[in-house]
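The values are calculated or read from the model by the stated rules, or taken from the named source; none is laboratory data. If you're wondering where the values come from, they're calculated on a predicted model, not measured in any experiment. Because the Cβ atoms are built from the backbone with ideal geometry, glycine has one as well, and the counts that use them run over all protein chains shown. SASA here: full protein model, heavy atoms, side chains in, ligands and nucleic acids out. Shrake-Rupley method; radii C 1.70, N 1.55, O 1.52, S 1.80 Å.
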Amino acid sequence: MPGEPRPPASATPAPPALRTALWGPGFEAPAIVISARVAGLAGLALYAVTAIAGDPTGALRLVVALPLFVAACLPSAWAAAVGGGALAIAVGSWAARGMPAAEVVVLSVVLVLSVSLRLALVEWTARATVAGARRAADAAAARSATLVDHQHSLLTLGERLARTFDRNEILALIARQLQRSLAADLVTVRVRDDDRLRVVAWAGFGDEPGLDLPDLPRDDPWLGELVRSPRPVVLDALDRADPRVRAYERRPGAAALGALLAVPLVYETEISGLLAAGSRRARHWTPDDLTLANAIAGHAAIALHNAALFERTQAWAAQLAVVQAASARMSRQNTVESVGRAIVEEVRHVVDYHNCRVYLVDAPDELVPIAFEGRVGAYEKVELDALRTKVGHGLTGWVAEHGEALLVPDASADPRAATIPGTDDVDESMVVVPMRYETRLIGVITLSKLGLRQFDADHVRLLTILADQAATAVESARLLGRTQQLAQELRRLLDMGSELARSLDPREVADLIARYMGAALAADSCTISYWDRAAGQVLTWGYYPPDARDAVHPAYDLAAFPETLRVLREQVTVAISVADPAADAAERALLQAAGDTSIVMLPLIARAESIGLVELAFRSPVRLEPARLEFARTMAGEAAIALENARLYEAARMLADRDQLTGFYNHRYLHERLGEEILRARRSGQPLALLMLDLDDFKLVNDTFGHLFGDRVLAWAADVIRTALRASDVPTRYGGDEFAMVLPETDRLQAAAVAERVLATLRERPYRPEGRGPLPIAASIGVAAFPADAASPQELIARADAALYRVKRAGGHAAGPLAAVRAGR
């Protein structure tokens, strides 16, 4: 008990064996005392026999001898009492009967000698017993002191181990303590490294020999024995014939040993290492030695385990700090590509790799690489297109399909693996983890490293955490990009709508639509076509870029392009690729002729009716994402409404500006257009001419054949005039049988030539009414030019009209005065 006083060594009481021998009845006599008693009994028996045989009164002597016999078997004190009493009785009895004195003396001497011998033997035995007890007590005290020293050493070792997590310091403490406690010559500490026991600390020799100590490999007989049965190995004398000893001593750096004590380091039933103490000579390892070695091994196993946990905790904390920094960097990126770049650069601060690839899942089953980093040999330069793969193909595809992380110690031995095109099969390890956003798998991160078993479960956990952060960053970048894209799309729609609202010319509107949609969807060209249902054609109204417009046909027959007709009729979006053998052959031929690889056609729908289509052509292979296609449809919807409004306005304006009989513009439109053309001519410095034409003798036609016949003649005359004019010329019906023609960028001499061409056409193509013969129709034409003849629209009309009446007064059937025109007056 604590505080209880201990007796001093000098106050040690007599051993119980001595007390029993002297006083107690339970004494267990030593062998020498028993022998003495047997000898005494034999002497007494001999005396009794002799007395009985030599004396008739031997019976009395037997009675006297019997107590003496009993006394010889009793403890010393009792033997003296019984013996003395028996002697007194014998002396009294024999004296009364006349026993000879000599006999009494002999009997007394025998009794005295017997008792004296007994007392001497007892005293000698007692002294021997006391000496043995003292020696045992001294040995017990020495062992107790050793055990106390061992306990103190273990406590000290435990305290020192508890104060440090430094693995090297722990190993050094263990080695020194084991050597000191067991008084060993050599001590080694080995830890398990996969299938080897690697030397990590030693005592009893220097660093250089220690570094040469051999590891115990998988096929080592001692290691195999230790793994099969984790019990201590105790060898007091090494047998050189033992194959284990021979195998050990043949290794470089092995020390010659005479005795060996080895105990395993066991933590929770798992062998983590081995402590070994050796002696250069044979020695006896005591149970205390084994107990102490096992105790040190227990302390060592716990301390090394705690140190490993501490190291892993520190490493984990450091890696988590790196992951946090990496997550912060990724979250600052604005694009998916920059997030991918940040992933491959930040992962190498967490996990060492030779190759890192980041994939995103692209519907329906594509895995598209967005970032790549290679650092060794063939890994350094790999084209991103070569890394493209599909869900379910290879280890990356397997993770994308199953959504589970993979730790692959030997990628070449995994049946799910697939070699990247252009690379060789090598021994490599891989870690592949999914990138999840909420419950949706959006991508995969793949790490590779040359060599087998280069990654562990900690790498998988860290990369999984990083992959979750990366997925969030990718989706944030996508959302930001989509938001910016939506803002840009809205801006484009607003800009397009604003610009479309400033024009009501269908072809000008179509050109604007083509420019905006081509630029918004990064198309190489964009065509806006109007559907002429009656003619079964699409008419090219708008085109982007404008410098290549001359290469586009003004109209296409839909009978030759069934897919285009399907877009218009079914109001569907169709994509055609030159590489697709099943696509419309006519469309493919048209694409090849234009040097394009694909085209996307969208219908222009206004008021639920298809009015035309948008054709987006690309020279490089492209696949528009659903969001981009939806934006294209939105733009097409807005454009269709603007285009249809322009067409309706043009139709309404045509009704207001055109003469219903001839299809020419009317008198009001002539004044508006002539004013615009004079302004344009004034800005550009180009000339402008006006022709005033009047049919000769047309009143006679009306009077002879009637006004209906006259209307047919007027319509015929308009068609003839139209064929003689350029597309840029503007014919109008000024009134009655009088026509006016505005000729942009034309001087007086060129205008006179046009007038001659109109008159020649009238002469060559007489009017041929049904059921009648040909009817010649002649005309007179007046010519005037800006700025040579006039400075305003009204003045130009007046000058041309005056010239016309001069020709009329001169007899008509001419344009003139031609002489004055040709003379330049």
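Taking the condition of being touching a Pro at 6+ places or on another chain (Cβ under 7 Å) and either among the aliphatic types (A, V, I, L, M) or within 17 Å of Pro621 (Cβ to Cβ) (or both), how many residues in segment 578-608 meet it?
So the count comes out to 2.
Any residue in segment 754-766 that is modelled with pLDDT of 90 or more sitting within a Cβ distance under 9 Å of a residue that is aromatic (Phe, Trp, Tyr)? List the pairs, counting only those 6 or more apart or interchain.
Hits for this filter: zero, empty list.
Pairs, please: C-beta under 9 Å, at least 6 apart or cross-chain, first residue closer than 14 Å to Arg533 by Cα and in segment 560-571, second in a helix (DSSP H, G or I) and not β-branched (Val, Ile, Thr)?
Close Cβ pairs (under 9 Å, with a partner that is in a helix (DSSP H, G or I) and not β-branched (Val, Ile, Thr)) amount to Thr564/Leu558; Thr564/Ala586; Thr564/Glu587; Leu565/Leu558; Leu565/Ala559; Leu568/Leu558.
Can you tell me which residues in segment 487-525 are assigned to a helix (DSSP H, G or I), among the aliphatic types (A, V, I, L, M) and surrounded by fewer than 19 Cβ atoms within 10 Å (Cβ to Cβ)?
The answer is Ala487, Leu490, Leu493, Leu494, Ala519.
Within the set of pairs 6 or more residues apart or between chains, which connect a residue that is over 14 Å from Met692 (Cα atoms) inside segment 798-825 to a residue that is aliphatic (A, V, I, L, M) and modelled with pLDDT under 80 with Cβ atoms less than 9 Å apart?
Val821/Ala815; Arg825/Ala819
With (1) open to solvent by 40 Å² or more (accessible area, probe 1.4 Å); (2) closer than 30 Å to Thr483 by Cβ; (3) among the hydroxyl-bearing types (Ser, Thr, Tyr) as the list, and Thr419 as the residue in question, which single condition is left unmet?
(2)
Only one residue in Thr732, Thr662 is modelled with pLDDT of 90 or more, open to solvent by less than 60 Å² (accessible area, probe 1.4 Å) and among the β-branched types (Val, Ile, Thr), so which one is that?
On inspection, the qualifying residue turns out to be Thr732.
Which condition number in (1) modelled with pLDDT of 80 or more; (2) within 21 Å of Leu274 (Cα to Cα); (3) surrounded by 13 or more Cβ atoms within 10 Å (Cβ to Cβ) is the one that Ala308 fails?
(1)
Here's the yes/no breakdown for (1) free of Cβ contacts under 8 Å to residues at least 40 places away in the same chain; (2) open to solvent by 50 Å² or more (accessible area, probe 1.4 Å):
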{"position": "Val399", "(1), (2)": "no, no"}
{"position": "Val432", "(1), (2)": "yes, no"}
{"position": "Arg436", "(1), (2)": "yes, yes"}
{"position": "Gly443", "(1), (2)": "no, no"}
{"position": "Thr446", "(1), (2)": "no, no"}
{"position": "Leu452", "(1), (2)": "no, yes"}
{"position": "Arg461", "(1), (2)": "yes, yes"}
{"position": "Gln469", "(1), (2)": "no, yes"}
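Any residue that is touching a residue at least 12 places away in the same chain (Cβ under 8 Å), assigned to a helix (DSSP H, G or I) and exposed (fewer than 15 other Cβ atoms within 10 Å of the Cβ) - is there at least one of those in segment 352-366?
No, segment 352-366 has no match at all.
With a cut-off of at least 2 residues that are at pLDDT 80 or above and open to solvent by less than 20 Å² (accessible area, probe 1.4 Å), name the helices (runs of 4 or more DSSP H) lying wholly within segment 149-257.
So the answer is 167-182.
Scan segment 181-204 and report the pairs whose first residue is within 19 Å of Arg453 (Cα to Cα) and whose second residue is in a loop (DSSP other than H, G, I, E, B), with Cβ atoms within less than 7 Å and a gap of 6+ or a chain change.
Asp195/Arg218; Arg196/Asp215; Arg196/Pro217; Arg196/Arg218; Leu197/Asp215; Arg198/Asp215
If you go through segment 749-794, how many residues are open to solvent by less than 40 Å² (accessible area, probe 1.4 Å), outside any strand (DSSP E or B) and farther than 28 Å from Leu700 by Cα?
Residues flagged as open to solvent by less than 40 Å² (accessible area, probe 1.4 Å), outside any strand (DSSP E or B) and farther than 28 Å from Leu700 by Cα within segment 749-794 amount to 5.
What about Arg722, is it surrounded by fewer than 19 Cβ atoms within 10 Å (Cβ to Cβ), touching a strand residue (DSSP E or B) at 6+ places or on another chain (Cβ under 7 Å) and over 17 Å from Ala785 (Cα atoms)?
yes
Could you pull out the residue among Ala652, Ala646, Ala640 that is within 15 Å of Pro506 (Cβ to Cβ) and surrounded by fewer than 16 Cβ atoms within 10 Å (Cβ to Cβ)?
Going through Ala652, Ala646, Ala640 in turn, the sole match is Ala652.
Do we have Thr746 as at negative phi, modelled with pLDDT of 90 or more and assigned to a loop (DSSP other than H, G, I, E, B) here?
Spelling it out, Thr746 is indeed at negative phi, modelled with pLDDT of 90 or more and assigned to a loop (DSSP other than H, G, I, E, B).
Testing Arg680 on (1) at pLDDT below 85; (2) out of contact with any strand residue (DSSP E or B) (no Cβ under 7 Å at 6 or more places or on another chain), one condition comes back false. Which one is that?
Answer for Arg680: the failing condition is (1).
Can you pull out the residues in segment 645-663 that are farther than 26 Å from Ile513 by Cβ and either touching a residue at least 12 places away in the same chain (Cβ under 8 Å) or not in a loop (DSSP other than H, G, I, E, B) (or both)?
Scanning segment 645-663 gives Asp659, Leu661, Thr662, Gly663.
If I filter segment 570-587 down to residues being buried (at least 18 other Cβ atoms within 10 Å of the Cβ) and among the charged types (D, E, K, R), which single residue comes out as modelled with the highest pLDDT?
Checking each candidate, the answer is Glu587.
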